[in-house]
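The structure appears below as structure tokens.
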Amino acid sequence: MKAPSRLRLAHTPTPLLEPRGLDRWLGGARLFVKHDDMTGGATAGNKVRKLEYLLADAVARKATTVITCGGLQSNHARATAICARQLGLNSVLLLRTKDSEQPLSSFAPVGNLLLGRLVGADIRLISPEQYRSRNEAMAEVAREVTAQGGVPYVIPEGGSNALGSLGYVRAMKEIQRQLEVGLAGGEPFDLVVHACGSGGTAAGVVVGAATYGVARAARAMAVCDNSEYFLNVVGPLVAELKTVFGFDQTLPVVIDDSAKGPAYAVASPEQQERIVAVARASSLLLDPVYTGKAFLGLLDMAGRGELAGKRVLFLHTGGLPGLLADGPVFASALG
Ligand SMILES: Cc1ncc(COP(=O)(O)O)c(C=O)c1O
């Protein structure tokens, strides 16, 4: 089939680096970090790689308004709003909060919410209950856009459909090229670890890592729900990558839900302290919602002796705006 079109939105290739200062926690593993927290400025993070494909499709369909959803501090919604504006498109963001009855102006304009508001996204707050029917809610907004003479384009939660997942298949190809020129020792990794919130990154990683010989195994660290839930999300995405886009290789999908902490977007005091300790030891900045939990899961594996002698790649998927919005949460961990 013809390769799907792609816009160049991400700043790639992103750096592939070996952080210092973490040896005491690595249990004999050699750790590298793929810095997808540097895929852009305000658009940075894993989502922009998916948006390269999704927004190319939106543009090809002559969309005027992109519609998506997420939590109040959604990185995906923020990246979508900024990239849409860059392309001259409007965006409607359905953002989940238990205080959805409150006016938007009553929410502190910080982090992702600030960035979305800065670029003029039409932000609509919805309750956790309404969020359960998010696809119907987005379809409703799409009908509204059509009725007003516009052309809607709906992007699912996290940009996680097969088209969006292509962004991570391609990211693995980028790593293959980096290994070919000798970066990170030039050898495939034994394991790649990353955060999993809506499943699209995980699907792209297992297909891309196998297709391009980048890693022998992958582990997606769930930050919400559980392993069973994500197996049921990632499995069909992988199947679609094969049937629709013609890929024929994949690593097994492994979802680890042991590091998700108390709840989505809630890090335990211990997790907060460890995120601070990692930053102080290495300068690696991890957010408490996604990358912090995933990275601590990796360190837990190392602590159990499961990574001794292995070459491990951590995919840093971004999240800095959310971290900056969460400063008060770290008050005690900062000492
Ligand atoms: C910073 C960050 N890391 C990781 C993820 C998880 O990626 P995915 O939604 O593809 O599972 C997300 C989004 O959910 C994210 O915003």
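The values are calculated or read from the model by the stated rules, or taken from the named source; none is laboratory data. Fair warning: this is a prediction, and the values are worked out from it, not measured in the lab. Cβ placement follows ideal geometry from the backbone for every residue including glycine, while neighbour counts extend to all protein chains displayed.
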One residue from VAL59, VAL48, VAL66, VAL92 being closer than 27 Å to MET172 by Cβ, touching a strand residue (DSSP E or B) at 6+ places or on another chain (Cβ under 7 Å) and either crowded, with 16+ Cβ neighbours inside 10 Å or of a type in the set (Val, Ile, Thr) (or both) | VAL66
Which condition number in (1) within 14 Å of the ligand (Cβ to nearest atom); (2) over 16 Å from the mean Cα position of the chain (by Cα); (3) hydroxyl-bearing (Ser, Thr, Tyr) is the one that SER283 fails?
-> (1)
Can you confirm whether region 82-94 contains a residue that is closer than 27 Å to TYR131 by Cβ, away from the ligand (no atom under 16 Å from the Cβ) and within 18 Å of the chain's Cα centre (by Cα)?
-> yes
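Tell me the residue from ARG143, ARG117, ARG78 that is within 16 Å of the ligand (Cβ to nearest atom) and not in a loop (DSSP other than H, G, I, E, B), please. Talk me through it step by step, then tell me what you get.
Details: ARG143 fails: within 16 Å of the ligand (Cβ to nearest atom); ARG117 fails: within 16 Å of the ligand (Cβ to nearest atom).
Selected residue: ARG78, the only one of ARG143, ARG117, ARG78 that is within 16 Å of the ligand (Cβ to nearest atom) and not in a loop (DSSP other than H, G, I, E, B).
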Would you point out which residue out of ALA162, ALA171, ALA203 is near the ligand (Cβ under 9 Å from one of its atoms), hydrophobic (A, V, I, L, M, F, W, C) and under 20 Å from SER5 (Cα atoms)?
-> ALA203
Top-ranked residue in region 16-43 [being under 19 Å from the mean Cα position of the chain (by Cα) and more than 16 Å from HIS194 (Cα to Cα); ranked as farthest from the ligand (Cβ to nearest atom)] = GLY41
Hey, any hits in region 96-113 for a residue that's free of Cβ contacts under 8 Å to residues at least 24 places away in the same chain, of a type in the set (S, T, N, Q) and closer than 20 Å to GLY322 by Cα?
-> yes
Just give me the residues in region 59-69 being more than 14 Å from the ligand (Cβ to nearest atom) and within 23 Å of ARG124 (Cβ to Cβ), in sequence order.
-> ARG61, ALA63, THR64, THR65, VAL66, ILE67
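Which residue, of ALA56, ALA108, is among the aliphatic types (A, V, I, L, M), more than 20 Å from VAL289 (Cα to Cα) and either more than 14 Å from the ligand (Cβ to nearest atom) or modelled with pLDDT under 95 (or both)? Break it down stepwise before answering.
On the way: ALA108 fails: more than 20 Å from VAL289 (Cα to Cα).
Unique residue meeting the criteria: ALA56.
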Keeping to region 1-59, report how many residues are of a type in the set (Val, Ile, Thr) and closer than 24 Å to VAL92 by Cα.
-> 4
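Considering only residues of region 95-112 that are assigned to a loop (DSSP other than H, G, I, E, B) and surrounded by 10 or more Cβ atoms within 10 Å (Cβ to Cβ), which is farthest from the chain's Cα centre (by Cα)?
GLN102
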Is it fair to say ALA215 is within 18 Å of the chain's Cα centre (by Cα) and hydrophobic (A, V, I, L, M, F, W, C)?
-> no
Got a sec? Which of GLY111, GLY120 is small (Gly, Ala, Ser) and in contact with a Gly (Cβ under 6 Å, 6 or more places away or on another chain)?
-> GLY111
Scan of region 177-205 for residues that are crowded, with 24+ Cβ neighbours inside 10 Å, in a helix (DSSP H, G or I) and out of contact with any strand residue (DSSP E or B) (no Cβ under 7 Å at 6 or more places or on another chain), ordered by number = GLY200, ALA203, GLY204
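Here is a list: GLY70, GLY45, GLY40. Which entry is in a strand (DSSP E or B) and either touching a helix residue (DSSP H, G or I) at 6+ places or on another chain (Cβ under 8 Å) or among the polar types (S, T, N, Q) (or both)?
Details: GLY45 fails: in a strand (DSSP E or B); GLY40 fails: in a strand (DSSP E or B).
After applying the criteria, what remains is GLY70.
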